[in-house]
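Report on the structure given below.
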Amino acid sequence: MKVLVPVKRVIDYNVKVRVKADGSGVDLANVKMSMNPFDEISVEQAIRLKEAGQADEVVVVSIGVKQAQETLRTALAMGADRAILVVATDDVHNDIEPLTVAKILKGIVDEEQPGLVLCGKQAIDNDMNATGQMLSALLGWSQATFASEVGIEGDKAVVTREVDGGLQTIKVNMPTVVTVDLRLNEPRYASLPNIMKAKKKPLDEKTPADYGVEVSNRLEIIKTVEPAARAAGITVASVDELVAKLKEAGAV
Amino acid sequence: MAVLLLAEVNNGELAMDATAKAVTAAKALGDVVVLACGGSAAAAGEAAAKIDGVSKVLVAEDDSLSHRLAESTAALIVSLAGDYDHIVAPSTTDAKNVMARVAGLLDVMIISDATAVVDADTFERPIYAGNAMQTVKSSDSKKVITFRTSTFDAAGEGGSASVETVSAAANPGLSEWVEDKVAESDRPELTSAGVVVSGGRGVGSEESFALIEQLADKLGAAVGASRAAVDSGYAPNDWQVGQTGKVVAPNLYVAVGISGAIQHLAGMKDSKIIVAINKDEEAPIFQVADFGLVADLFEAVPDLISKL
């Protein structure tokens with residue numbers, strides 16, 4: 001079975017986000033970029049499936065700017081076998097919408113015929129939480145979102161999902177799209193020898209047109225602003241003072 | 001045109017708080033028609049009919065719709081979509097699972113976690129874990145939206161909308177339910193609680209988390225946890241408050257042993273009153289706290305419990 005893993009290049013999760021003065025978005029120029037943390041978990045899961053003999057090839061794909069090849073090299077260094085880069089924009093500030101990403105991924109799925117697509121549940125930039133579900137919809141496949149456990153049993157995947165009240169386990173027909181949540185695994189670090197080896201692994205460069213997809217956004221950004229700041233509070237000296245303040249504020 | 005609102009239904013019961021908050025958001029867009037669906041959904045439909053501002057309730061009951069499976073639920077919504085310009089839901093894990101699939105099937109972009117309605121096409125939503133707020137205008141003919149419930153007040157009860165039955169769509173037969181592991185608790189539900197007490201990495205162990213629970217019980221509060229506490233195994237994931245967990249906005253939020261990472265602040269900074277107890281006076285949590293107490297939580301929390 002082949003596993004396809006889409007990965008997104010996003011602002012590093014440790015970087016403090018700054019809104020651009022013109023309100024068009026968040027400043028990404030000269031900012032450290034990394035693989036979306038949820039996508040690291042899906043790459044790790046795909047590699048573990050291969051190590052367990054349940055997958056025979058892990059293909060990673062990224063859709064965005066040309067620099068996303070660094071993100072793909074990271075995934076290759078972790079242990080993915082080959083990569084596909086779909087250059088969909090030359091502007092790092094142009095975030096390709098999940099619907100467009102899902103359409104391009106569908107084109108790749110049609111070509112590659114994977115048995116499983118493993119996605120991060122959301123990207124930490126636009127926080128949409130949509131690409132996996134949309135891809136599944138376009139393919140007419142089953143979906144299992146927010147996975148904290150993934151098992152393959154013949155032509156079914158058994159997936160435990162993180163839901164509001166606790167956990168839900170479902171069994172879905174393969175091929176399927178699984179989106180992963182935080183507790184599924186802890187991604188490995190790439191070793192130096194593997195980083196060197198990853199430079200020689202195949203990386204195909206494509207365009208959206210190769211999959212018959214036109215890149216256009218359905219959501220126009222009207223403005224982007226900093227969130228309203230909270231007024232500064234006070235430091236209390238003791239538990240007694242805290243209780244008094246809470247009573248004063250009518251909070252207890 | 002009317003708005004179709006997917007009610008949050010769990011095992012035949014309406015989650016009133018989440019649904020009523022989404023009704024408040026949806027009312028700004030037109031007449032609200034609530035869809036209650038599931039293996040059993042009639043009682044949930046009756047309950048939804050009483051929410052102020054609901055003009056009609058549709059009830060769909062079918063085995064294929066039980067356990068909120070995405071494929072069958074999305075197929076049902078798409079079969080009804082022709083009559084509506086807006087298809088909306090409260091931003092729960094179930095709705096995030098289903099609604100993005102609905103948007104994919106309808107070939108429209110989803111607008112997830114909307115926090116404000118500007119006009120019929122324009123919505124505000126947080127990005128980058130709430131570190132920026134973005135206003136987006138949709139060019140799609142149909143809008144599929146999930147509303148972040150913590151930013152809307154619940155609509156009242158007192159309505160008496162008519163209830164109609166609709167049929168399930170053909171079962172795609174792609175998935176089946178195996179089991180639910182739901183944490184049984186007498187405490188209020190995290191996202192709708194008036195008071196939340198959360199513990200972080202500073203709590204130090206799963207055993208010590210009992211202290212957080214005692215304080216919560218004293219306050220009649222729900223228990224929350226930071227991602228660090230969840231990752232360390234001190235607390236279950238469904239307690240997680242933050243960008244990757246639940247977003248809460250209670251009247252009182254008590255953060256104990258929580259440093260205040262950006263990803264946690266994203267989940268609680270809209271709380272009315274924030275109390276922080278941490279021994280590190282440099283902890284970023286103090287920057288959002290109304291009342292900060294620099295103290296060892298193992299001394300301060302028992303003291304607080306005895307004095308409340």
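The values are calculated or read from the model by the stated rules, or taken from the named source; none is laboratory data. Because the structure is predicted, anything quoted here is derived from the model rather than measured. Neighbour counts are summed over all protein chains in view; Cβ atoms, including those assigned to glycine, are modelled from backbone coordinates with ideal geometry.
Quick notes
- Scanning the range A:212-219 finds one or more residues that are more than 12 Å from chain B (Cβ to nearest Cβ), assigned to a loop (DSSP other than H, G, I, E, B) and of a type in the set (Asp, Glu).
- Scan of the range B:123-148 for residues that are charged (D, E, K, R), over 28 Å from residue A:13 (Cβ atoms) and surrounded by fewer than 21 Cβ atoms within 10 Å (Cβ to Cβ), ordered by number: B:137, B:140, B:142
- Selection count where residues are under 24 Å from residue B:136 (Cα atoms), more than 10 Å from chain B (Cβ to nearest Cβ), more than 16 Å from the chain's Cα centre (by Cα) and basic (Lys, Arg), scope the range A:1-56: 0
- Counting only strands (runs of 3 or more DSSP E) wholly contained in the range B:110-177, the ones carrying 2 or more residues that are free of Cβ contacts under 8 Å to residues at least 24 places away in the same chain occupy B:116-119, B:122-127, B:132-138.
- Residue check, residue B:125 within 17 Å of the chain's Cα centre (by Cα) and more than 9 Å from chain A (Cβ to nearest Cβ): no
- Taking the listed residues B:289, B:255, B:249, the one that is outside any loop (DSSP other than H, G, I, E, B) and either among the hydrophobic types (A, V, I, L, M, F, W, C) or facing chain A (nearest Cβ under 9 Å) (or both) is B:255, with no other qualifying.
- Residue, farthest from residue B:44 (Cα to Cα), within the range B:150-180, restricted to residues that are within 22 Å of the chain's Cα centre (by Cα) and acidic (Asp, Glu): B:179
- Unmet requirement for residue A:182, which otherwise passes all of (1) out of contact with any Ser or Thr (no Cβ under 9 Å at 6 or more places or on another chain); (2) at pLDDT below 95; (3) farther than 16 Å from residue B:94 by Cβ: (1)
- Restricting the range B:189-198 to residues that are part of a strand (DSSP E or B) and in contact (Cβ under 8 Å) with a residue 60 or more places away in the chain, the residue that is farthest from the chain's Cα centre (by Cα): B:198
- When residue B:244 is tested against (1) surrounded by fewer than 21 Cβ atoms within 10 Å (Cβ to Cβ); (2) within 12 Å of chain A (Cβ to nearest Cβ), exactly one condition is not met: (1).
- Criterion violated by residue B:235 - all others in (1) over 23 Å from residue B:113 (Cβ atoms); (2) surrounded by fewer than 23 Cβ atoms within 10 Å (Cβ to Cβ) satisfied: (2)
- Residue within the range A:180-197 that is under 20 Å from residue B:100 (Cβ atoms) and part of a strand (DSSP E or B) present: yes
- Top-ranked residue in the range A:162-182 [being surrounded by fewer than 19 Cβ atoms within 10 Å (Cβ to Cβ) and of a type outside the set (Ser, Thr, Tyr); ranked as farthest from the other protein chains (Cβ to nearest Cβ)]: A:174
- Residue count for the range B:260-277 under the criterion of being buried (at least 24 other Cβ atoms within 10 Å of the Cβ), farther than 13 Å from residue A:229 by Cα and either out of contact with any strand residue (DSSP E or B) (no Cβ under 7 Å at 6 or more places or on another chain) or of a type in the set (Val, Ile, Thr) (or both): the result is 3.
- Among residues of the range A:196-210 that are touching a residue at least 60 places away in the same chain (Cβ under 8 Å), those with a Cβ under 6 angstrom from a residue that is part of a loop (DSSP other than H, G, I, E, B), sequence gap 6+ or separate chain, pair up as A:208/A:88; A:208/A:215.
Conditions tested, residue by residue: (1) of a type in the set (S, T, N, Q); (2) within 24 Å of residue B:104 (Cα to Cα); (3) at pLDDT 95 or above.
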{"site": "A:1", "(1), (2), (3)": "no, no, yes"}
{"site": "A:30", "(1), (2), (3)": "yes, no, no"}
{"site": "A:51", "(1), (2), (3)": "no, no, yes"}
{"site": "A:59", "(1), (2), (3)": "no, yes, yes"}
{"site": "A:64", "(1), (2), (3)": "no, yes, yes"}
{"site": "A:105", "(1), (2), (3)": "no, yes, yes"}
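- Residues of the range B:228-240 that turn out to be within 8 Å of chain A (Cβ to nearest Cβ) and in contact with a Lys or Arg (Cβ under 9 Å, 6 or more places away or on another chain), as a count: 4
- Just one residue in the set A:72, A:28, A:76 is surrounded by 19 or more Cβ atoms within 10 Å (Cβ to Cβ) and part of a loop (DSSP other than H, G, I, E, B); that residue is A:28.
- Candidate set: the range A:82-131, residues that are within 11 Å of chain B (Cβ to nearest Cβ) and free of Cβ contacts under 8 Å to residues at least 60 places away in the same chain; chosen: the one surrounded by the most Cβ atoms within 10 Å (Cβ to Cβ): A:130
- Candidates A:8, A:20, A:16 - the one that is surrounded by fewer than 16 Cβ atoms within 10 Å (Cβ to Cβ), of a type in the set (Lys, Arg), closer than 28 Å to residue B:126 by Cβ and in contact with a strand residue (DSSP E or B) (Cβ under 9 Å, 6 or more places away or on another chain): A:20
- Qualifying residues in the range B:60-93 (those that are over 30 Å from residue B:240 (Cβ atoms) and among the acidic types (Asp, Glu)) - the one surrounded by the fewest Cβ atoms within 10 Å (Cβ to Cβ): B:83
- Among (1) part of a loop (DSSP other than H, G, I, E, B); (2) closer than 24 Å to residue B:205 by Cβ, the one test that residue B:269 misses: (2)
- Total residues in the range B:105-122, condition away from chain A (no Cβ under 11 Å) and crowded, with 18+ Cβ neighbours inside 10 Å: 2
Residue-by-condition table, conditions (1) buried (at least 22 other Cβ atoms within 10 Å of the Cβ); (2) at pLDDT below 95; (3) closer than 30 Å to residue B:117 by Cβ:
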{"site": "A:155", "(1), (2), (3)": "no, no, no"}
{"site": "A:160", "(1), (2), (3)": "yes, no, no"}
{"site": "A:187", "(1), (2), (3)": "no, no, no"}
{"site": "A:206", "(1), (2), (3)": "no, no, no"}
{"site": "A:214", "(1), (2), (3)": "no, no, yes"}
{"site": "A:219", "(1), (2), (3)": "yes, no, yes"}
{"site": "A:222", "(1), (2), (3)": "no, no, yes"}
